[in-house]
Amino acid sequence: MNSNLTQLAPSEALIGWQSPQSGRGTWDIIWSSLQTLALCAWVSVRVSAPSPTGGNWDILRDKLYFVLLTLLGPEFVLLLAFGQWQMARASLNEFHDAGYQCWTITHSFYADMGGIHVKSTDFPSFPANLKQLLYLLRHGHIDIPDVTKMEIKGLGKSDFLTKLITLLQASTFLITAAARFAQGLDVTTLEVTVLANIFCTLGTYLCWWNKPSDVEVSHCYRLKISMAGLIEEAGEQCTGQYRDTPLDFISRNEWVGSLVWNYFVNILRRFRLVSRLQSQGPPVQKFSSFNFPRLTRRGCFVMLVVSMAYTAFFFEAWNFDFPTIAEQQLWRAVVTTQATIALLGPLPDVFMVDRDVKTNEFALLTPNITISSTLRLRRKFRRLWYYPCNNEMTGNFPCLDVPLHSLLILTPACALTYETVNWTMFLPWW
């Protein structure tokens, strides 16, 4: 092994695996961190309404994939939630301007998650999004949906006990971390990661505050016109061709952000980290939970600031005591790269947010990855998984030996990391 991998960083004596008898142990850190991550991710996510034949399985599958995506990149889920909130707010104003004062932001979320279906005498039912519903209402092709806000909330499953436990767990984690910083005690890189995730999941939860959770039932409304008549009435605006539903001509406008988002989501689909597209259409029977709405320029700037705030958490560990200098340099390199991507990555979206992208309506937005290259990557991951975590790994993955051990936080850490908080310091009357 290279000498710089074994050279200790200039710091105090480092301690390996710590039992909980003398303070907080290594397992205590791992368990509290994983518990907080899982609870925050599970409670914060909101998925689309299932297809008429999907039911609970559609919800559970999408939710598990969303939780996994939240653990891998919480800032991406926050970006998605913020975009949906911004679109729901904009649509709420449009409905009110059109005279539908009974429409609420909960209705907007419910419609855009596929909760409202339409059908005609010559065409089967399919979900309609906000812009499509407003188009149908303005042209008199459908009556305003009579479902109330309370009825929509009643369709969702809101587990108060789970939310309460998550709130207590996250609050305890945040208070403990703040107390450790106040007393000059160290935390681990895993705990820093959890703090960053809590920041993003809290923002996600607030953006989806009015979005129904785990809705199993959708409402179907009949059109006052046949689908053939509606398409003929649209004229040149509608070519009769569509990818998802016959109403794609109303709201199908791609932009740079949606193309980039779909590209990377399809990469995750190749590795089964995101649910695959269902081959039930066209017309589709449910909207994808991973559809990325179009942001305004102000929204792009807001998310740029949020992304930078998320990466700022990891700079807290810039001068942490790592077991080796190589691990410290690796952490700094990763954090710097992540901050650079967070700053420069959204800039094209900011400057090109108003530019439409002409795409083939039948083109699938899939990355240009061949099957052979995908299989090679999977084979590499299998070899990495089944290899023992020792020095032999560096033969094929020389750059992964250090980060794997760092992520497991089984490497030695400073003694202050395992000291418990002296709460009496914050209670002068004690």
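The values are calculated or read from the model by the stated rules, or taken from the named source; none is laboratory data. Fair warning: this is a prediction, and the values are worked out from it, not measured in the lab. Positions of Cβ are generated from backbone atoms using ideal geometry, with glycine treated the same way; all protein chains shown enter the neighbour counts.
Some notes on this structure:
- Restricting attention to the range 47-66 and to residues that are crowded, with 23+ Cβ neighbours inside 10 Å and in contact with a Gly (Cβ under 9 Å, 6 or more places away or on another chain), the residue that is farthest from Ser307 (Cα to Cα) turns out to be Pro50.
- Residue in the range 29-47 that is within 28 Å of Arg243 (Cβ to Cβ), assigned to a helix (DSSP H, G or I) and among the hydroxyl-bearing types (Ser, Thr, Tyr) present: no
- Listed by first and then second residue, the pairs with beta-carbon distance under 9 Å, at least 6 apart or on different chains, first residue in the range 225-241 and buried (at least 17 other Cβ atoms within 10 Å of the Cβ), second basic (Lys, Arg) and not in a helix (DSSP H, G or I), are Met227/Lys119.
- In the range 93-108, the qualifying residues are those that are among the small types (Gly, Ala, Ser) and in contact with a Lys or Arg (Cβ under 9 Å, 6 or more places away or on another chain), and the one that is surrounded by the fewest Cβ atoms within 10 Å (Cβ to Cβ) is Ala98.
- Test: residue in the range 109-127 that is within 30 Å of Phe314 (Cα to Cα), surrounded by 22 or more Cβ atoms within 10 Å (Cβ to Cβ) and within 29 Å of the chain's Cα centre (by Cα): no
- Of Ala38, Ala90, all but one fail to be closer than 18 Å to Thr166 by Cβ, at pLDDT 90 or above, out of contact with any Lys or Arg (no Cβ under 8 Å at 6 or more places or on another chain) and among the aliphatic types (A, V, I, L, M); the exception is Ala38.
- Selection over the range 309-338 of residues that are of a type outside the set (D, E, K, R), over 12 Å from Ala196 (Cβ atoms) and either in a helix (DSSP H, G or I) or modelled with pLDDT of 85 or more (or both) gives a count of 12.
Per-residue answers, yes or no, for (1) polar (S, T, N, Q); (2) touching a Pro at 6+ places or on another chain (Cβ under 9 Å); (3) without any contact (Cβ under 8 Å) to a residue 12 or more places away in the chain; (4) closer than 23 Å to Gln285 by Cβ:
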site: Thr121; (1), (2), (3), (4): yes, no, no, yes
site: Leu133; (1), (2), (3), (4): no, yes, no, yes
site: Pro145; (1), (2), (3), (4): no, no, no, yes
site: Lys153; (1), (2), (3), (4): no, yes, no, no
site: Phe173; (1), (2), (3), (4): no, no, no, no
site: Thr176; (1), (2), (3), (4): yes, no, no, no
site: Thr188; (1), (2), (3), (4): yes, no, no, no
site: Thr201; (1), (2), (3), (4): yes, yes, no, no
site: Thr204; (1), (2), (3), (4): yes, yes, no, no
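- Residues of the range 186-220 that are surrounded by fewer than 19 Cβ atoms within 10 Å (Cβ to Cβ) and over 24 Å from the mean Cα position of the chain (by Cα): Asp186, His219, Cys220.
- Residue in the range 292-303 that is over 19 Å from Arg46 (Cβ atoms), at pLDDT 80 or above and aliphatic (A, V, I, L, M) present: yes
- So Leu69, is it within 19 Å of the chain's Cα centre (by Cα), surrounded by fewer than 23 Cβ atoms within 10 Å (Cβ to Cβ), under 25 Å from Thr172 (Cα atoms) and of a type outside the set (Ser, Thr, Tyr): yes
- Those helices (runs of 4 or more DSSP H) lying entirely in the range 132-230 with at least 2 residues at pLDDT 90 or above and closer than 30 Å to Thr26 by Cβ: 160-182, 189-207
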